[in-house]
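A.B. asks: Mind having a look at this structure? Questions to follow.
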Amino acid sequence: MKKNTLVFSLVREQSIFMTIVLSVLTFLSVLAFGIALSIGTGVIRWNNQWDKYAMIQIVNTDNTNSVKKILNENSDKIESINEISKSQMEDMLKPWISNGARVNNYLPAMFEIKLKNTSDMEKLRQQIEPRAKFLTHSSALQTSMSAGWKLLSITMFVLILMLISIGVCVSYISRNIAMLHKHELEILNQIGATDKFIARQMQIIIAKISMRACLVGFVVAMPIIGLILSTAHAARVGLLATLSLSMGDIIALVLLPVLIVIFSIYITKRTTLKILSNQ
């Protein structure tokens, strides 16, 4: 008897049920993993986008010239300097200003700078802070960063739950199949079939179903992930607009169903050998 020759197989209802269950779990796993990867990429890009930017607020106008002098002395380290005009600040404050009240005399002088290297940020801060407030964009947007990491943690937790569910599902189905085919297993034992041979039979069956189910789950999940990313990009601003999948992320998504198939085969072998050892 050839090693990979099947001596028994699942009934049609069993095969359909397991295919549907694994397809749904694979779909949810790929979806959760894709969202987690896109959020992780977005958070990193969001941080890299702003870690070279800083805002300088000069509350005491007497220090304006000294701050400008420091900026001029460090011009080789600065890529760009943008002085925020009073009218621009008033436009930003309009939602909080009622009855056309003007706060022109109370607004500080503000400069937005972009450094060439993030390593120069701390040195420039030390020179300016005694004379003005120095606020980096990355620290000001820390709340958004924190929210991004929390969302990443949640999606990874959901992914772990999905993988655990797949393991439990495959283990239960393998056990159920072994019980339903108990008569065939006894015959195989009587004719000298080893436990490893019987486990191999179960692995071949589960592998075929898992591959079919994972393919369906993956094919359905990818367009949904694309739709989520396109909807996020429509926001144009904020952390959502930075969500994306790199080529490495896409490769990881493709490998996830493969790992699920391997995981299912391993669980099947472990469960089957445990059942046979207890007979």
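A.B. asks: Which entries of Lys208/Lys274; Lys77/Lys133; Lys52/Lys150; Lys150/Lys208 show an alpha-carbon separation above 29 angstrom in the structure shown? Provide the component values of the computation, followed by the final result.
C.D. replies: Values: Lys208/Lys274 22 Å; Lys77/Lys133 19 Å; Lys52/Lys150 24 Å; Lys150/Lys208 37 Å.
The answer is Lys150/Lys208.
A.B. asks: If you don't mind, another one. Given the Cα-Cα distance of Arg212 and Ile164 and 0.36 nm per residue of separation, how much length would full extension add, in nm?
C.D. replies: Values: separation 48, 0.36 × 48 = 17.28 nm, distance 1.97 nm.
Taking Arg212 through Ile164 to full extension adds about 15.3 nm, to one decimal.
A.B. asks: Where does each of Thr136, Thr26 land when they are ranked from fewest to most other beta-carbon atoms within 10 angstrom? Spell out each step's value before the answer.
C.D. replies: Details: Thr136 19, Thr26 27.
Result, fewest neighbours first: Thr136, Thr26.
A.B. asks: What does the extension gain come out to for Ser66 and Phe197, with contour length at 0.36 nm per residue minus their alpha carbon separation? Don't jump to the answer; show the numbers that get you there.
C.D. replies: Numbers: separation 131, 0.36 × 131 = 47.16 nm, distance 8.30 nm.
Between Ser66 and Phe197, full extension yields an extra 38.9 nm.
A.B. asks: At 7 Å along the Cα-to-beta-carbon direction for both Ile44 and Glu129, put a label point, then send me their distance in nm to one decimal.
C.D. replies: 3.0
Each value in this text was obtained by applying a stated rule to the coordinates, not by laboratory testing. What you see is a predicted model; the values in this text were computed from it and never measured. When we count neighbours, we look across all protein chains shown, and the Cβ atoms used for this are built from the backbone with ideal geometry, even at glycine.
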